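Participant: One structure, pasted below without further comment.
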């Protein structure tokens, strides 16, 4: 495999949760050699500092439902620069295939017959588990892991549970992009069948120097002071160890 970015190719790359030390070697090398970099808002400055000094960096982030650029405009940038013979790095927070818009970008690249490659990254849930020193699937309490998000295609917040019927008891639920209405979110999850006393941990700015975590219960989430976005929420009996630390 060629370790350097190839002209005319688009790379959908996971930047991990924020700590440059959690980049893959492949992602690091592509950062150093790509001609054009299109990063999300959540990609840290410390990671962008690793880019080639000659690289053109074009921020294409969307935050809190207020996009600076539409998804269609991102597609135009990907295709335009690739067709001009430039190597393009589409840099996404976490893993590019987890709660991002990689599917739409893949479809656009395939339709335009632009060569592309996907480079996985560490998704935030795994970085948070490591920071908390807490297994997400501890065999004594959780045999299932559910990754969910409170945001859907239209960028609209929904508090509906991501399962049908009763919540699986031996599960750890991880909610990406939970929004800021923790009162309504906690009430919705309790209504869906999760016990109010279930351990819960909200982590802000995971893996960075500004990381903050609040360990509580699902019932206590409503009155907890949660740090600034981005926030990820972990719920389940496997999180008990984090709430005891």
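Participant: Can you find a residue that is farther than 30 Å from residue 15 by Cα, modelled with pLDDT of 90 or more and in the same structural domain as residue 130 (by TED's automatic domain parsing) anywhere in region 162-180?
Facilitator: No, because not a single residue in region 162-180 is farther than 30 Å from residue 15 by Cα, modelled with pLDDT of 90 or more and in the same structural domain as residue 130 (by TED's automatic domain parsing).
Participant: If I ask for residues that are closer than 17 Å to residue 217 by Cβ and in contact with a helix residue (DSSP H, G or I) (Cβ under 9 Å, 6 or more places away or on another chain), which ones from region 167-186 would you list? Walk me through it before giving the result.
Facilitator: Restricting attention to region 167-186, the residues satisfying the condition of being closer than 17 Å to residue 217 by Cβ are 167, 169, 171-175, 178, 182-186.
167, 169, 171, 172, 173, 174, 175, 178, 182, 183, 185, 186 - these are the residues of region 167-186 that are closer than 17 Å to residue 217 by Cβ and in contact with a helix residue (DSSP H, G or I) (Cβ under 9 Å, 6 or more places away or on another chain).
Participant: Residues that are closer than 21 Å to residue 231 by Cα: which helices (runs of 4 or more DSSP H) entirely in region 66-155 hold 3 or more of them?
Facilitator: Result: 124-132.
Participant: Among the residues of region 1-45, which ones are under 17 Å from the mean Cα position of the chain (by Cα) and part of a helix (DSSP H, G or I)?
Facilitator: Scanning region 1-45 gives 20, 21, 22, 27, 45.
Participant: Restricting to region 164-192, give me the number of residues that are more than 23 Å from the chain's Cα centre (by Cα) and under 16 Å from residue 215 (Cβ atoms).
Facilitator: 0
Participant: Next question. Quick check: is even one residue across region 104-118 under 27 Å from residue 25 (Cα atoms), within 11 Å of the chain's Cα centre (by Cα) and buried (at least 17 other Cβ atoms within 10 Å of the Cβ)?
Facilitator: For region 104-118, residues under 27 Å from residue 25 (Cα atoms), within 11 Å of the chain's Cα centre (by Cα) and buried (at least 17 other Cβ atoms within 10 Å of the Cβ): absent.
Participant: Still on this structure: Any residue that is modelled with pLDDT under 95, within 28 Å of residue 43 (Cβ to Cβ), in a helix (DSSP H, G or I) and over 17 Å from the mean Cα position of the chain (by Cα) - is there at least one of those in region 193-209?
Facilitator: So far as region 193-209 goes, no, none of its residues is modelled with pLDDT under 95, within 28 Å of residue 43 (Cβ to Cβ), in a helix (DSSP H, G or I) and over 17 Å from the mean Cα position of the chain (by Cα).
Participant: Among (1) at positive phi; (2) touching a helix residue (DSSP H, G or I) at 6+ places or on another chain (Cβ under 7 Å), there is one condition residue 12 misses while meeting the rest; what is its number?
Facilitator: The failed condition is (1).
Participant: What do you reckon, is residue 74 farther than 17 Å from residue 119 by Cβ and buried (at least 20 other Cβ atoms within 10 Å of the Cβ)?
Facilitator: Judged against the criteria, residue 74 is a match.
The values are calculated or read from the model by the stated rules, or taken from the named source; none is laboratory data. Values in this document were obtained by computation on a predicted structure and should not be read as measured data. No Cβ is skipped: glycine too gets one built from the backbone with ideal geometry, and neighbour counts run over all protein chains shown.
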